[in-house]
Amino acid sequence: MAKRPVYRLQTLYDMREKEKDKAEEAYAEAKRKVAVEQKKLDDMKAHLQDMIQARQNRRIEYAEKMRTGELTIAQITGNDRHIERMKNEESAYEVEISRQAEAVKEKEGEAEIAKEEMIKATQEFKALEKHKEKWLKQVKRELMLKEEEEVEDIAQAQYFARMLENREEK
């Protein structure tokens, strides 16, 4: 049996396959980073809601104490400053949230770039894979034709050998 020929683009095929795998891993990592940043953003938004709720609860508490007359004017002023300070903390935290939202968008952009690179690498690999499949079909076809020719040659040789035997016997 004839030795099967080596695919002449095998090195390129292996390189493209590695590039495709590497691009897929990079995309998966980028998506993981997006998820981490998004979780951080969601946690920050939840914390902001907790801060707002705490301020509102404090305001209700101070209003109740003021209504019952438990507070002095100095305490009322201090409470107003405390509520204002809580508002300022919320505003500062909203700035941090907007920075985190930008970080999420940046990571999403990186993930999109990684996705495009993965698609490109996959397309290049698929094209080469298709080429290799066609080449394999061609090789198989050529091997079958060669084998058929060999079988035909053997059959022909056997036929002529029998013919010679028949002539010699007569």
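What does the accessible area per residue of the chain come to in Å², with a 1.4 Å probe and no ligands, DNA or RNA counted?
Here the residues of the chain average 79 Å² of exposed surface.
As a check on your grasp of the helix formula, calculate [θ] at 222 nm for the chain: sum -39500 (n - 2.57) over DSSP H runs of n ≥ 4, divide by the residue count, round to the nearest 500.
Theoretical 222 nm ellipticity from helices: -35000 deg cm²/dmol.
Spelling out what I want: for every residue of the range 93-109, take phi, set θ = phi - 60°, compute 6.51 cos²θ - 1.76 cosθ + 1.60 (Karplus), and round to whole Hz; glycine and proline get x.
Listing the rounded values in order: 5, 5, 5, 4, 5, 5, 5, 5, 4, 5, 4, 5, 4, 5, 5, 5, x Hz.
Need the full-extension length gain, Glu169 to Lys126, defined as separation in residues times 0.36 nm minus the C-alpha distance. One decimal, nm.
9.1 nm
Based on Cβ point charges of +1 for Lys and Arg and -1 for Asp and Glu, what charge dipole magnitude is obtained for the chain about its Cα centre, in debye rounded to the nearest 20?
The dipole magnitude comes to about 240 debye.
Taking all protein chains as present, what is the carbon and sulfur share of the accessible area of the chain, in % to the nearest whole number, probe 1.4 Å?
Heavy-atom surface of the chain belonging to carbon and sulfur, 1.4 Å probe: 52 percent.
If the cut-off is 16 Å between C-alpha atoms, which lysines fall inside it for Lys120, apart from same-chain ones fewer than 8 positions away?
Those lysines meeting the cut-off are Lys18, Lys20, Lys22, Lys130.
Helix 10-68 against the longest principal axis of the chain: what's the angle in degrees, Cα atoms only, rounded to the nearest 10?
Once rounded, the angle reads 20 degrees.
With the dipole of the range 1-139 worked out from charges on the C-beta (+1 for Lys and Arg, -1 for Asp and Glu) around the Cα centre, which of Val139, Val34, Leu128 lies farthest toward the positive end?
Val139
Ordering Asp21, Asp80 from largest to smallest accessible area (1.4 angstrom probe), what's the sequence?
From most accessible down to least: Asp80, Asp21.
Does the range 12-170 come out rounded, prolate or oblate, given a ≥ b ≥ c as the square roots of the eigenvalues of its C-alpha gyration tensor, rounded meaning a/c under 1.5 and, failing that, prolate meaning a/b above b/c?
prolate
Within 10 Å, count the other beta carbons around each residue, average over each peptide in 156-165, 10-19, and list them highest first.
The peptides rank, most packed first, as 10-19, 156-165.
The values are calculated or read from the model by the stated rules, or taken from the named source; none is laboratory data. Remember, predicted model here, so these are calculated numbers, not experimental data. We place every Cβ from the backbone using ideal geometry, glycine too, and count neighbours over all the protein chains shown. Just the protein is used for accessible areas: all its heavy atoms, side chains included, with ligands, DNA and RNA removed. Shrake-Rupley method; radii C 1.70, N 1.55, O 1.52, S 1.80 Å.
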